[in-house]
Amino acid sequence: MKYWFGYLTAAILGAITWALIELSKKYTTLVDMVYPYLTRTVQGFLTGWSGGVDFLVWQVAVVVLVVLVLASLVLLLVLRGNLIRWLGWVLTGAVSIYFLHTCIYGLNYQAGPLAEDVRLNVTGYTLEELEEATVYYRDLAGDLASQMSRDADGDVIFADFDTLASQAGEGFQTLTYDYSFSVFAGDLSPVKELGWADMYTSMGITGVTMPLTGEAAVNPQIPDVALPFTMCHEMAHRMCIAVEQDANFAAFLACRVNPSQEFQYSAYFMAYRYCFDALQAVSSPEAAAAAARITTGENQFLRHDLVSYARFFAEHRDEGASDLASSVNDAYIKTSGDEAGVLSYGQVCDLLVSWHIQEVVLPAQKDEAESAFDPYDESQVDLSGIVGALED
């Protein structure tokens, strides 16, 4: 029995973790009322603790853990210990880490949607509404693209990583105090640079947030145009906005209201990409025609940045490493309770289209209705020939 005690311990912790996730799915309202606020406090404490150093604490911890596991395996072989028992305790260690992660962060996947916190009415939309939203984001991105500083090759030149990181919190601060969105009242410490960047670039990974240490990190190698958006995305995760589509939408909102034009361009650039990708995913002649119309409306600066963005990831992608990273991430997201897995990143389009309808289309229609034609309004029609028309 002593050989199997590690496996028994791992099984018990695994069962408790599974039970916590299932209970959180059943009592989502209770989770949403309490859990995010508690975990946001924990994340703030951990961020304050880990923020005292420039490097990522969790990456150092990973190296230490790997060394300890390998050293213990060598010692086991030298002393001819029991491999089965050793494997059991290694498994217990892995399950314990996931159990701790679930307790201090993981149940945020079951919290209420971000749309409710920002008072966004999310409904279904037509192909025409998707096209209109895509055009809206394209035009704003194009206008800002033409204002960006560029090098001799036409590539955008943004501020350095540290400067952008120090500015990222300004958008969330505006959302919290000017828009009264308390969900963004989290830690605004700058994100860190993601170590081992070459490896993460080959996997197509742009950023990582580690709740166990309260560290949000961004790959410094990704194209400049995506840096501000990715920084805000990872900060949103650190604010316990766990679902990927919600973190993407939070990044859009924060970048959009940031006073820096670089952040604003990043917001509309990424919003345009997500909506255009969703439009291309629709299998119909009408959608194909809409996509063609939208593409022809891109100005040269936006087109250059879109091509450069796609080329970067195509050139640096390692197919095997990228597929492995995607599979692991997909499994983690689904295990945490989001059945969409990695597809949840692109589902931000639903929020972006709904936001466009609520914040742009409907107000414009209201203004139109208020300024409707009035036949008795002398500013709209000549009433001089109508007897009594000008009388009070």
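Every read-out reported here was derived from the displayed coordinates using simple, explicitly stated rules and does not represent laboratory data. These numbers come from a predicted model, not from an experiment. Cβ atoms come from the backbone with ideal geometry, glycine included; neighbour counts cover every protein chain shown.
Some observations on this one:
- For peptides 125-131, 149-155, 167-173, sequence by mean Cβ density within 10 Å, most packed first: 167-173, 125-131, 149-155
- Quarter of the Cα convex hull surface for the stretch 240-346, i.e. its orientation-mean projected area (nm²): 8.7 nm²
- Using θ = phi - 60° and Karplus 6.51 cos²θ - 1.76 cosθ + 1.60, couplings along the stretch 282-289 (whole Hz; Gly, Pro as x): 7, 8, 7, x, 5, 5, 4, 5
- With 0.36 nm allotted per residue and the present C-alpha distance subtracted, the residue 324-residue 284 stretch has 11.2 nm of extension available.
- Relative to one another, the C-alpha centroids of the stretch 135-199 and the stretch 235-287 are positioned 12 Å apart.
- Each of the peptides 20-31, 247-258 was scored by the mean count of other Cβ atoms within 10 Å over its residues; in descending order, highest first, they stand as 247-258, 20-31.
- Put a dot 7 Å past the Cα of residue 128, heading toward its Cβ, do the same for residue 367, and the two dots end up 2.1 nm apart.
- Size of the stretch 136-251 as Cα extents on the principal axes (Å, biggest first): 42, 37, 24
- Rounded to whole Hz, the Karplus (6.51, -1.76, 1.60) HN-Hα couplings of the stretch 40-48, x for glycine and proline: 5, 5, 5, 4, x, 5, 5, 5, x
- More than 28 angstrom apart: percent of Cα pairs within the stretch 53-198: 55 percent
- Extension gain for the segment residue 100 to residue 87, taken as residue separation times 0.36 nm less the Cα-Cα distance, is 2.7 nm to one decimal.
- Ranked by the mean number of other Cβ atoms within 10 Å of their residues, highest first, the peptides 157-164, 136-143 come out as 136-143, 157-164.
- Its alpha carbons give the stretch 2-110 an Rg and a Dmax of 17.6, 54 Å.
- Relative frequency of Cα-Cα separations exceeding 41 Å in the chain, percent: 24 percent
- Counting 0.36 nm for each residue step from residue 45 to residue 277 and taking away their Cα separation leaves a gain of 79.7 nm.
- Selected from 77, 66, 112, residue furthest toward positive end of dipole (the chain; charges at beta carbon): 77
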